[in-house]
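*Asks:* Have a look at the structure that comes next, please.
The values are calculated or read from the model by the stated rules, or taken from the named source; none is laboratory data. All figures in this text were calculated on a predicted structure; none of them were measured in a lab. Here the Cβ positions follow ideal geometry from the backbone for every residue, glycine too, while neighbour counts run over all protein chains shown. Calculation scope for accessible area: heavy atoms of the full protein, side chains included, ligands and nucleic acids excluded. Shrake-Rupley method; radii C 1.70, N 1.55, O 1.52, S 1.80 Å.
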Amino acid sequence: MSLPQNSVLIVDDEASLRKTLRTSLIASGFAVEEARSGEEALTIIQEHPFDLVLLDINMPGIGGIEACRRIRGASPHAGIVMITVRDFDDDKVRGLEAGADDYVTKPFKLRELTARLKAVLRRTSLQAAAEPTVLEIGNLKIDFERRLFWRDGEEVHLSPKEFELLAFMIKNAGFPLTHLKLLRSIWGPEYGGELEYLRSYVRMLRKKIESDPENPKYILTEPWLGYRFRDPDPPDSEA
């Protein structure tokens, strides 16, 4: 018996790009449908859900950002990956804050895109299941319930906010987290512009969890955007 296919909705106004993406994703085992605009995508999503939405940020009509916001509202459990233009960092931030899980920048390799989509699927499937209380990543181990953390088998003391920040990053491993999202998620909705405050906590965390804090392998900086916690040996790492 064949395994069920994960479904992807491609939302882009460029027919040639939709065709290329469709061919590649079908070859990678996805079931694919297309929409030419954000409005058409919302109509299709209301008829039946998708596991993933691949959404171009620059489209006529309501545009990619507003489409992302509405799709997230209509389909809260779908993974959303946005296609952005390189060097337009504000677009990336706005897309993530509108509800996107990740982004790829044009031009991108189809192999990179497939890896990003599979990573989003892993996270959404983990969210649907019970969250593990203890998790190991590389040489790190964290107990979310007892609020304990180890590096190379030795317990490391973290302040309450350090633990909350690290736990949040680990739970979202592999995904870009904006400064705003981190500040509001950890410190509260009244925070948003305290970038140096956040950076100081990241520096302290790197000193405690990284072998070489100046060249981190776990907490990576996303320039002008925020941070991304990287699993050094994730599933499907060959992609």
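*Asks:* Take every Cα pair under 8 Å in the chain that's 6+ residues apart, average their separations, divide by the length, and report that relative contact order as a whole percent.
*Replies:* About 13 percent, as a whole number.
*Asks:* Follow-up question, since we're still on this one. Give me the net charge for the shell around Gly192: Cβ to Cβ below 11 angstrom, other residues only, Lys and Arg +1, Asp and Glu -1.
*Replies:* Neighbourhood net charge equals -1.
*Asks:* Go through the range 1-101 and name the chymotrypsin sites (Phe, Trp or Tyr not before Pro) that are in a DSSP coil and have 16 or fewer other Cβ atoms within 10 Å of their Cβ.
*Replies:* Those that pass, being in a loop and sparsely packed, are Phe88.
*Asks:* Which value, in Å², gives the accessible area per residue of the chain when a 1.4 Å probe is used on the protein heavy atoms?
*Replies:* The answer is 52 Å² per residue.
*Asks:* Determine the relative contact order of the range 142-238: mean sequence separation of Cα pairs under 8 Å and six or more apart, normalised by residue count, in whole percent.
*Replies:* 26
*Asks:* Loop only per DSSP, at most 15 neighbouring Cβ atoms within 10 Å: give me the GluC sites (Glu not before Pro) in the range 141-219, ordered by residue number.
*Replies:* Numbers: sites: Glu145, Glu154, Glu155, Glu162, Glu164, Glu190, Glu194, Glu196, Glu210, Glu214; in loops: Glu145, Glu190, Glu194, Glu210, Glu214.
Taking the range 141-219 and a limit of 15 other Cβ atoms within 10 Å, the loop GluC sites (Glu not before Pro) found are Glu145, Glu190, Glu194, Glu214.
*Asks:* Carbon and sulfur together cover what percent of the accessible area of the chain at a 1.4 Å probe radius?
*Replies:* 51
*Asks:* Now for a different question. Per-residue counts of other Cβ atoms within 10 Å, averaged by peptide: what ranking do you get for 116-124, 14-22, highest first?
*Replies:* Result, highest mean Cβ count within 10 Å first: 116-124, 14-22.
*Asks:* Let me ask another. Given the rule -39500 (n - 2.57) for each run of at least 4 DSSP H residues, summed and divided by the residues of the chain, what is its mean residue ellipticity at 222 nm, to the nearest 500 deg cm²/dmol? Walk me through the numbers before you get to the answer.
*Replies:* On the way: 8 runs with 98 residues, N = 239.
So the calculated ellipticity at 222 nm is -13000 deg cm²/dmol.
*Asks:* Here's a follow-up. For the range 14-43 and the range 161-180, compute the distance between their C-alpha centroids and round to whole Å.
*Replies:* 31
*Asks:* Choose one of His77, Gly99, Ser125: the residue whose Cα lies farthest towards the positive end of the charge dipole of the range 1-150 (beta-carbon charges +1 Lys, Arg; -1 Asp, Glu; about the Cα centre).
*Replies:* Checking the options against the dipole of the range 1-150, the answer is Ser125.
*Asks:* In addition: Using modelled amide H (1.01 Å from N, peptide plane; none on Pro or chain starts), what sits under 5 Å from the amide H of Glu34, excluding residues fewer than 5 places away?
*Replies:* Ile10
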